Amino acid sequence: MTPLEARGLHRFFRRGDTEIPALKDVSVVCAAGETLAVTGPSGSGKSTLLSLLAGLDDPDGGAVHVAGQRLSHRSPAAAARIRAQHIGFLTQSSGLFGHLSVRENIQLATSLGRPGGPSPAELIDGLGLAAVRGSLPRTLSGGETARAGLAVALAGSPTVLLADEPTAEVSRDEETTILGLIGAWRPRDGAAVIVTHSPAVAAHADRVLHLVDGRLT
C-alpha cells in the first residue's frame, strides 16, 4: 500500500477577474517509511500543497489518495473521517486547543484516531512533556509547544505525518531534538512530509522536493 499519492495537482485562486495559479501539475508519491522534505521560497505553493495533501482543501485538477483511499473531492464528513484515521498534521500554530492541558489535547487526538497507536502517556514521556503535561498551551516555551503539537499529530497512529515548518520557532538545539523525535516516532509503515525553509530539516529527509512558482523543479 502506498501511504500517500498525489497526482497532477492544480490549484487556482481568484482575485477579482484574475485567476492566480498556486500549484501547477504537482505530483507527490511517498513510499512506506519515507520522509519527504518540501522546500521553496515564500509564496511558492508549499502551504497550499500541504492543505491539499491533508484534505483541508480540494485541488482544481488531480487527486490525493491516502492509504489507498481517495481524499480529495469527498464530502466534508468523509474527508474528516479519513483525515482523523490516517493524517497527523503539525502546523506552525501547533494545533493545540488553548483551553485544554497538554495531556487533554493528546487524549482528545488519540480518541479520534486509529486504535493501536501509542498511548497519551507514552507520547508524553517519549516526547519529553512529563513536566508540562498539566499545563495550558499559552504557558509553554517554543520547544515545548512544538513537541506538544507533534504529540497531538502523532496521536491516533496516523499513516501520514504532515508538518508545516515544525522547527520555525525553536532554537538550533531544540530543532535537533524535534528532528530526532520525528525520525523516532513517525509512522514506520507510513510517510512524513515536512515543509521547511531549514537546510538542517531538509538534510534529515530521505528525499527533497523544491517548489518554485507552484511547480516542482
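The values are calculated or read from the model by the stated rules, or taken from the named source; none is laboratory data. None of these values were measured; they are calculated from a predicted model. Every residue, glycine among them, receives a Cβ derived from its backbone with ideal geometry; neighbour counts consider all protein chains shown.
Couple of notes before you dig in:
- Those residues of the range 11-22 which are closer than 25 Å to Arg70 by Cα and at pLDDT below 95, in sequence order: Phe12, Phe13, Pro21, Ala22
- Any hit, the range 64-74, residues being within 22 Å of Gly214 (Cβ to Cβ) and modelled with pLDDT under 90: no
- Filter result for Ala32 (more than 25 Å from Ala202 (Cα to Cα), within 19 Å of the chain's Cα centre (by Cα), surrounded by fewer than 19 Cβ atoms within 10 Å (Cβ to Cβ) and not acidic (Asp, Glu)): no
- Selection status of Gly45, under 30 Å from Leu9 (Cα atoms), at pLDDT 95 or above and not aliphatic (A, V, I, L, M): no
- Condition broken by Leu50, with the remaining ones in (1) of a type outside the set (Asp, Glu); (2) farther than 26 Å from Ser119 by Cα; (3) without any contact (Cβ under 8 Å) to a residue 24 or more places away in the chain; (4) outside any strand (DSSP E or B) satisfied: (3)
- Pairing residues of the range 183-198 that are farther than 16 Å from Asp164 by Cβ with residues that are surrounded by fewer than 20 Cβ atoms within 10 Å (Cβ to Cβ) and not basic (Lys, Arg), at Cβ distances under 6 Å and at least 6 apart in sequence or on separate chains, gives Asp189/Ala32.
- All of Ala131, Ala146 fail the test of being over 14 Å from the mean Cα position of the chain (by Cα) and farther than 25 Å from Met1 by Cβ, apart from Ala131.
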